[in-house]
Each structure stands twice: as structure tokens, then as C-alpha cells.
1. Residue check: is Glu51 under 21 Å from Ile32 (Cβ atoms) and either acidic (Asp, Glu) or touching a Pro at 6+ places or on another chain (Cβ under 7 Å) (or both)?
2. How many residues are acidic (Asp, Glu) and in contact (Cβ under 8 Å) with a residue 24 or more places away in the chain when one looks only at the range 152-199?
3. Report yes if some residue within the range 64-79 is modelled with pLDDT of 95 or more and more than 25 Å from Gly157 (Cβ to Cβ); otherwise report no.
4. Based on this model, can you work out whether Gly118 counts as modelled with pLDDT of 90 or more, closer than 19 Å to Leu290 by Cα and of a type in the set (Gly, Ala, Ser)?
5. Residue under question is Ser287, and the condition is that it be touching a residue at least 40 places away in the same chain (Cβ under 8 Å), more than 20 Å from Pro162 (Cα to Cα) and in a helix (DSSP H, G or I); does it hold?
6. Going through Asp203, Asp275 one at a time, which residue ends up being free of Cβ contacts under 8 Å to residues at least 40 places away in the same chain and under 17 Å from Gly128 (Cα atoms)?
7. For residues in the range 48-65 being crowded, with 16+ Cβ neighbours inside 10 Å and touching a helix residue (DSSP H, G or I) at 6+ places or on another chain (Cβ under 7 Å), which is farthest from Lys121 (Cα to Cα)?
8. Check whether at least one residue in the range 12-29 is within 22 Å of Gly132 (Cα to Cα), out of contact with any helix residue (DSSP H, G or I) (no Cβ under 9 Å at 6 or more places or on another chain) and either part of a helix (DSSP H, G or I) or not assigned by TED's automatic domain parsing to the domain that holds Ile245 (or both), and report yes or no.
Amino acid sequence: MNIGIDLGGTKIEIALVNSQHEIIYQYREPTIRGNYADTCQQLIKLIAQVEQTHNLFSLPIGIGIPGSIAKQSGLVKNANSTWLNGQPLLADLNRALGGRVRIANDANCFALSEALFGNAKHAESVFGVIIGTGCGGGLVINGQLINGVNGIGGEWGHNAMPWVDDGSLVNCYCGLQNCIETYLSGPGWLARSQRRYGVDWVDAKAIYQDFKQGGVQAQSAFDDYVFNLAKGLASIINIFDPEVIVLGGGLGQMLELYDRVPNVWQNWVFSDQIDTKLIAPKLGDSSGVLGAAGLWPFK
């Protein structure tokens, strides 16, 4: 058995996974935001609950985070859960849990799980996308995760949104402007939609629900999202040319994207024919915990 954890910006999901990649136990709760020490204690508490409940101890633990561990310093970098940045998360957890923790970027965990045992299992090249609180990506080729020399392989969310012509400038937490994340993350889409349409939607889910109910302004906001997602993914196709793109995260559950986006991205892809498939994850929201659990070999 391995433990897999998906440490998201708004929720933490923990799962107990067996060697057949089956989830034996699964639980989620809201992430304690804004305080590094509290987040560490929350992780340790959840791990203890799983092990005590199932009378299984000293299990390997894999954690997907919305950032990465810097090679030189061992500190968290590039996390949109900004209270984690600059903190020795891996070292602190290994100190508390006896050296049995591995950490990887959450989008990498998602991409790997879908490429190995999800809907992209037989694809030669897979780009996995996380569109939720943040906007991350992971690239898998022939079953191997491409981390890159800087540990940022597949991280498309902090490139500038291509082909922008509306004159808008929106600051991103990374210090740049008009990053893809400011368009396609849930908070980014919400903020842009509120400014453009003057509707006080409470979150991205509310926009989608309004869209499903036929709200005129929400229809336009959703069209904006399709348009921008298609542009963002077109730039990925132009560079990596993946066989499959799989969408994860809360916004990846908007089923209309899978038909609409491929009908739009052809406007920017540098090819006369586009065979890249846009697919939903087989493993649903559990892709992240399964990929995290797979950071250790199963015994």
C-alpha cells in the first residue's frame, strides 16, 4: 500500500492505494490556507488518521503540490499556494514522518497517472493540464515524465496568453502580466468575467451553473473561456505536438469544453490537420492522488 496526497490550493485529498492502483480509502477536506505550519500539521494529521484507521504504518507517501521543489535549495518554488513558497516542505515532512515522503508537482502527478493507467494509457505523448485554483501542466512521453533540467517541464501557466488583442493587462502573482493562469484558472476566469460583464458571480462554478441555466452573460463568459483555452492549448500543440491532451482540475469537469475547444484551436495550430485529441480524465479527481502514490514503487 502507498499513500497519495493531492495538496491543492482549496482542498487536500488523501488516498490509500494498493499495488493494482486501486483506491482503498479516500478522503478530502478544505486546505488550511495562508499558514505554512498549519498546512504541515494538517498533512501530518491526515496521514496519521489513515494509518491508524487501517492499522497500516510506515507507508510510503507521495504528495503532489501546486509548485515544485528547487533542486539546489530544497525549498518550494512556483506554488500558487504562495504560503508554501520558500519553505522546506519536503525536509520538514520527512523529519516528522521518518523520511518516507516524496513530492512532485501536482500536474506532473496528474499527467503521469493518466498516461500510465488512465484514458491516455496507450498514447505516445501526453500533455496533462490542471485547470482549477491554478493552471499547471505536465508532459509524459513514452510513459516517462519530462521534469526538465529546471524542474518546470510542462509548466505552461506562466507563459503569456498568446494572441491577445484586447489591450487588457492583468497582474499575476508570479510578477508578470497576462499569464495563461490569469485567464484559465478558476480565480482568473472569475475575476476577468466579473470585470467584463459586471456580474457578481461568487466563483467559477457559479459562472458555469449560470451558463448551464442559459444566462446570457454567462454564455458569453463561457465562450471567452473556450476561446482562451483553445489559444493556450494551440501554443502547446505548436511546440510539443502531443497525441493526447487530458484536462484535470475542477474546470476540466465542464464537459462542453471537449467538443468546443478542438473546433476553435484550429485557428492557431500551425498544421493543415490536427489529430491531437482532447479528452477527459478516466480517473476523475483522483488522478492526482494516484499519480502521487505512484511516486514510490508499489510493494
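The values are calculated or read from the model by the stated rules, or taken from the named source; none is laboratory data. No experiment lies behind these values; they were computed from the predicted model shown. We place every Cβ from the backbone using ideal geometry, glycine too, and count neighbours over all the protein chains shown.
1. Working: under 21 Å from Ile32 (Cβ atoms): yes; either acidic (Asp, Glu) or touching a Pro at 6+ places or on another chain (Cβ under 7 Å) (or both): yes.
Yes.
2. Going through the range 152-199, the residues acidic (Asp, Glu) turn out to be 155, 165-166, 181.
Checking the rest, the ones that are also in contact (Cβ under 8 Å) with a residue 24 or more places away in the chain come to 155, 181.
Looking only at that region, the number is 2.
3. no
4. On the way: modelled with pLDDT of 90 or more: yes; closer than 19 Å to Leu290 by Cα: yes; of a type in the set (Gly, Ala, Ser): yes.
Against the criterion (modelled with pLDDT of 90 or more, closer than 19 Å to Leu290 by Cα and of a type in the set (Gly, Ala, Ser)), Gly118 qualifies.
5. Working: touching a residue at least 40 places away in the same chain (Cβ under 8 Å): yes; more than 20 Å from Pro162 (Cα to Cα): yes; in a helix (DSSP H, G or I): yes.
Criteria met by Ser287.
6. Working: Asp203 fails: under 17 Å from Gly128 (Cα atoms).
Sole residue among the options that is free of Cβ contacts under 8 Å to residues at least 40 places away in the same chain and under 17 Å from Gly128 (Cα atoms): Asp275.
7. Let us first name the residues in the range 48-65 that are crowded, with 16+ Cβ neighbours inside 10 Å, namely 50-51, 59-65.
From what is left, the residues that are touching a helix residue (DSSP H, G or I) at 6+ places or on another chain (Cβ under 7 Å) are 59, 61-65.
Numbers: Leu59: 27, Ile61: 24, Gly62: 21, Ile63: 22, Gly64: 20, Ile65: 23 Å.
The selected residue is Leu59.
8. As a first pass, look at the range 12-29 and keep what is within 22 Å of Gly132 (Cα to Cα): 12-15, 26-29.
Remaining after also requiring out of contact with any helix residue (DSSP H, G or I) (no Cβ under 9 Å at 6 or more places or on another chain): none.
Scanning the range 12-29 turns up no residue that is within 22 Å of Gly132 (Cα to Cα), out of contact with any helix residue (DSSP H, G or I) (no Cβ under 9 Å at 6 or more places or on another chain) and either part of a helix (DSSP H, G or I) or not assigned by TED's automatic domain parsing to the domain that holds Ile245 (or both).
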